[in-house]
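Below is one structure, written out as structure tokens, with a few remarks after it.
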Amino acid sequence: MDGIHDLGGVQGYGPVLYEPEERATVDERWEAVAGAGMFAMLRRGVTNIDAHRHRIERLDPERYFPIGYWGRWLAAVESAMVDQGVTTTARIEELIEAGGHHPTDSAGPPRFHPSVGAEATEHTVGFIRPVDDPPRFAVGDRVTTLTHAPHDGHHRLPRYARGRTGRVARVYPAFTFPDTLAHGRGEQPCYVYAVAFSAAELWGPDADPAQVCHLDTFEPYLLPATNTEETS
């Protein structure tokens, strides 16, 4: 899905801050509860990771940044609980008020209740699945990504890599397909490929010619390359 979450290659947001020794931590109790709540629902099959990501993607851009990482998780947890009939928006707000907060209080945990519709609730360990058909591409094949988003819903093809040509560096097993799983249309497993793109192909002629980006790409996002130009 095209949205505020897909910032790869977008200008104006400053450099990516990278700390090699950084560890994921929580600073507030509600952050830990948000994480625990989501993992509990995932384990019980109440929701799935792709539907979870799709709920976060659908946050209003004005809310996406201010509420932070765990705020987005909490928004997705509440939405999943409402969508799957575990509770209601009214009951959540009742409990918030009982705790001494107002549901719209900007100082409290973030709130959001998008409806993602039906989703698969079956729970199977892992994401690798057997398929009968062989991979469409092999290591060394030159491939081009779709020039547009596959559809309006959840997908895993970033904007910066659309319409770009690279070379298959590795063929993975078939995995559950996020595009369908997030919307309750089944797992529809397909092969995934590590595709090597030159930095110049992704970022233009000013990019470092020695750099290569490997992007794990689902098979439906790829087409055979139609020209003979060599691409790393």
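A few points about this structure:
- Options Asp6, Asp27; residue that is among the acidic types (Asp, Glu), touching a helix residue (DSSP H, G or I) at 6+ places or on another chain (Cβ under 9 Å) and within 21 Å of His183 (Cβ to Cβ): Asp6
- Considering only residues in the stretch 49-70 that are open to solvent by less than 30 Å² (accessible area, probe 1.4 Å) and in contact with a Pro (Cβ under 9 Å, 6 or more places away or on another chain), the one that is farthest from Leu157 (Cα to Cα) turns out to be Ile67.
- Filtering Thr176, Thr165, Thr217 for residues that are farther than 25 Å from His52 by Cα and polar (S, T, N, Q) leaves a single hit, Thr165.
- Of all residues in the stretch 135-146 being surrounded by fewer than 18 Cβ atoms within 10 Å (Cβ to Cβ) and either modelled with pLDDT under 95 or of a type in the set (A, V, I, L, M, F, W, C) (or both), the one that is nearest to Ala174 (Cα to Cα): Ala138
- When the criteria are applied in full, Arg156 fails the requirement of being over 23 Å from Thr47 (Cβ atoms), basic (Lys, Arg), in contact (Cβ under 8 Å) with a residue 40 or more places away in the chain and open to solvent by 10 Å² or more (accessible area, probe 1.4 Å).
- Flag for Gln84 being of a type outside the set (Phe, Trp, Tyr), surrounded by fewer than 12 Cβ atoms within 10 Å (Cβ to Cβ) and more than 18 Å from the chain's Cα centre (by Cα): no
- In the stretch 159-184, the residues that are in contact (Cβ under 8 Å) with a residue 12 or more places away in the chain and out of contact with any strand residue (DSSP E or B) (no Cβ under 7 Å at 6 or more places or on another chain): Arg159, Tyr160, Thr176, Pro178, Asp179, Leu181, Ala182, His183, Gly184
The values are calculated or read from the model by the stated rules, or taken from the named source; none is laboratory data. Worth saying up front: this structure is predicted, and the values here are computed from it rather than measured. With ideal geometry, Cβ positions are generated from the backbone for all residues, glycine too; neighbour counts draw on all protein chains shown. For the accessible areas, the whole protein counts, side chains as well, though only heavy atoms, and no ligand, DNA or RNA atoms are used. Shrake-Rupley method; radii C 1.70, N 1.55, O 1.52, S 1.80 Å.
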